[in-house]
């Protein structure tokens, strides 16, 4: 090369500049990657909790239908059966709401996510209260199950909206392929050191 410089000198200069740039910008890049990973984990927790709530609501309907739907029970037995179903359902559903609330204490990727647990919880409470009231008033089993199905459909629609919102948030947070590649490289560098 001209002026007495050669390729190894240029390569060494380039790697030195690259090392300085990485030293300056790497903490910020790593912080952003960690923030994004944390946000994706929060979205994942919300999605799993919502699925669990939905499964428990469906199970409640199956149990009610199988236990109440076959015979015309007297009011006292309906109340007893519903009480047993709720005693099993409530702790499981409430644990999911508590999990989502504990996650909302952390910085959420989008502040609007904080309303998801409370909205879903109020819908489940309305379902339980409405079915309980129908049983207390000694309504026919068909009417009790119709109330359950109406609320279940509303909860199902709410869950579909929540899923769509969480999927959009997840897509927005998913790292760019270059960031993923950089993250893998950083992890490998850490492993080497």
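The values are calculated or read from the model by the stated rules, or taken from the named source; none is laboratory data. Fair warning: this is a prediction, and the values are worked out from it, not measured in the lab. Ideal geometry is used to build each Cβ from the backbone, glycine not excepted, and the neighbour counts take in all protein chains shown.
Looking for whichever is over 30 Å from residue 34 (Cα atoms) and free of Cβ contacts under 8 Å to residues at least 40 places away in the same chain here; the options are 142, 132, 171, 138. Which one fits? Walk me through it before giving the result.
Working: 132 fails: free of Cβ contacts under 8 Å to residues at least 40 places away in the same chain; 171 fails: over 30 Å from residue 34 (Cα atoms); 138 fails: free of Cβ contacts under 8 Å to residues at least 40 places away in the same chain.
It is 142.
What about residue 134, is it modelled with pLDDT under 90, over 28 Å from residue 66 (Cβ atoms) and over 15 Å from the mean Cα position of the chain (by Cα)?
Details: modelled with pLDDT under 90: yes; over 28 Å from residue 66 (Cβ atoms): no; over 15 Å from the mean Cα position of the chain (by Cα): yes.
No.
Looking across the range 90-103, the residues that are touching a helix residue (DSSP H, G or I) at 6+ places or on another chain (Cβ under 7 Å) and either farther than 16 Å from residue 41 by Cα or surrounded by fewer than 18 Cβ atoms within 10 Å (Cβ to Cβ) (or both) come down to 92, 93, 97, 99, 101.
When the range 148-166 is filtered for residues that are farther than 17 Å from residue 119 by Cβ and either within 15 Å of the chain's Cα centre (by Cα) or buried (at least 18 other Cβ atoms within 10 Å of the Cβ) (or both), only 148 remains. Within the range 51-79, being modelled with pLDDT under 80, farther than 18 Å from residue 147 by Cα and in a helix (DSSP H, G or I) holds for 76, 77. Just one of the listed residues (89, 48, 22) is out of contact with any strand residue (DSSP E or B) (no Cβ under 8 Å at 6 or more places or on another chain), at pLDDT below 85 and under 30 Å from residue 110 (Cβ atoms), namely 89.
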